[in-house]
1. With both partners inside the range 35-78, how many of the DSSP beta bridges are antiparallel, as a percent to the nearest 5?
2. Taking the Cα atoms of the chain, report the difference between the largest and smallest coordinate on each principal axis, in whole Å and largest first.
3. Can you tell me which of 48-57, 71-80 comes out highest on packing, and rank the rest after it, using the mean Cβ neighbours within 10 Å?
4. For labels at Tyr29 and Ser101 in the simple 7 Å Cα→Cβ model, what's the distance in nm?
5. Among rounded, prolate and oblate, which fits the range 28-76 when a ≥ b ≥ c are the square roots of the eigenvalues of its C-alpha gyration tensor, a/c under 1.5 means rounded, and a/b larger than b/c means prolate?
6. Please report the relative contact order for the chain, taking Cα pairs under 8 Å with a sequence separation of at least 6, and give it as a percent rounded to a whole number.
Amino acid sequence: QVRLVESGGGLVQTGGSLGLSCAASGRTYAMAWFRQAPGNEREFVAAVTRTDGTTYYADFLKGRFTISRENAKNTVYLQMNALKPEDTAVYYCAARANYCSGSGCSVPNLFNYWGQGTQVTVSS
């Protein structure tokens, strides 16, 4: 069992930046961020693989967010820039032990481990 511990998040004004981090207690293949706003389904934000650092992003981000990982620390980061009120949500870190590629790295049900979530609020 891999435990994920998230940190970061908080309140920021429109156009501001925030960084999230997530430390895993064990080795994983892909790590990702999802988010869920009230009344909405959980949606994919970004993912990164362990072996070659391939990254995947949701189309709606349009280059505003950057995901990265530090394998030696089993940690994934999400740098969020140019934040908008619609980015307000609980952000969840997720990890999976097995290989994925393409859209397979963006499906919530295919991730084995989840963090507790961290609130990001963007004020207008």
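1. Once the DSSP bridges in the range 35-78 are tallied, antiparallel ones form about 100 percent.
2. So the extents along the principal axes, rounded to whole Å, are 39, 26, 25.
3. 71-80, 48-57
4. 1.1 nm
5. Cα axes put the range 28-76 in the prolate bin.
6. About 36 percent, as a whole number.
Quick note: the coordinates plus some simple rules give every number you see, no bench work behind them. What you are looking at is a predicted structure, and each value in this text was computed from that prediction instead of being measured. With ideal geometry, Cβ positions are generated from the backbone for all residues, glycine too; neighbour counts draw on all protein chains shown.
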